[in-house]
């Protein structure tokens, strides 16, 4: 395989479209800190690099162990997977996982120096959780805990942790602000599991979609969108947020579209829903952050 093809294979393995999930919690946590006059842009950039590396490491781990467990085959409906396609070997992927997580840890030491033990704990737990998502004796994604993992780490931990890095403090506003971040990122996984429900049943991957069915997944999807749009209202009424906190409502038309798509599309068509759901998460997060800055 040529060097260009190898680079392309690693880009596919990193799943660039999912990396928006790593940007949003850092962006929102930084915006809440900025609103309080405590933003340090260097901290935000370092946290963003670590977040992206942990996301990539998690994607690599997911690719490896889904392949080893038989969850990824050439018949999959989702985007191409490099191990199942024979583009990257198992040993190459194992090495890449170690290098990616280790790099995230080493860069994170800069943040630990400034943020202390709490930041160290967040970093270590995030790396361990990224690995445990599909690996280890009790893989989270195979035991209906994937949604909880994503909501916790790409929502609450990522957002509140970024805020703490800047302020050395915790706040109810930062926690509430993490809810739509986690909810909309989790919906990316909801669509993924909804699409793959039949293949996951065959491979023994017990996602929430497999355990409770397609109707549950649709209701879960809608619920997570609804609570995301209730949060700005809560911040406006109870925490004296400015009118700009309603900027995320500009994405209501996108939210409506993805809801109709999950009810009307099937099979590989749901990849369009997956892509638009990821865009909803990113655009909402950008507008939500702008609301705090303005």
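Within segment 121-149, restricting attention to residues that are surrounded by 17 or more Cβ atoms within 10 Å (Cβ to Cβ) and in contact with a strand residue (DSSP E or B) (Cβ under 7 Å, 6 or more places away or on another chain), the residue that is farthest from residue 106 (Cα to Cα) is 144.
Is there a residue being under 16 Å from residue 158 (Cβ atoms) and either surrounded by fewer than 17 Cβ atoms within 10 Å (Cβ to Cβ) or modelled with pLDDT of 85 or more (or both) anywhere in segment 34-43? Yes; the residues of segment 34-43 include at least one that is under 16 Å from residue 158 (Cβ atoms) and either surrounded by fewer than 17 Cβ atoms within 10 Å (Cβ to Cβ) or modelled with pLDDT of 85 or more (or both).
Scanning segment 87-97 for residues that are surrounded by 13 or more Cβ atoms within 10 Å (Cβ to Cβ) and either outside any loop (DSSP other than H, G, I, E, B) or free of Cβ contacts under 8 Å to residues at least 60 places away in the same chain (or both) turns up 92, 93, 94, 96, 97.
Taking segment 207-260 as the range and being surrounded by fewer than 18 Cβ atoms within 10 Å (Cβ to Cβ) and not in a helix (DSSP H, G or I) as the test, the residues that pass are 213, 239, 240, 242. Filtering segment 266-283 for residues that are over 29 Å from residue 135 (Cβ atoms) and over 19 Å from the mean Cα position of the chain (by Cα) leaves a non-empty set. Do we have residue 49 as modelled with pLDDT of 85 or more and out of contact with any strand residue (DSSP E or B) (no Cβ under 8 Å at 6 or more places or on another chain) here? For residue 49, the condition - modelled with pLDDT of 85 or more and out of contact with any strand residue (DSSP E or B) (no Cβ under 8 Å at 6 or more places or on another chain) - is met.
The values are calculated or read from the model by the stated rules, or taken from the named source; none is laboratory data. Note that the structure is predicted; figures quoted are calculated from it, not measured. Ideal geometry is used to build each Cβ from the backbone, glycine not excepted, and the neighbour counts take in all protein chains shown.
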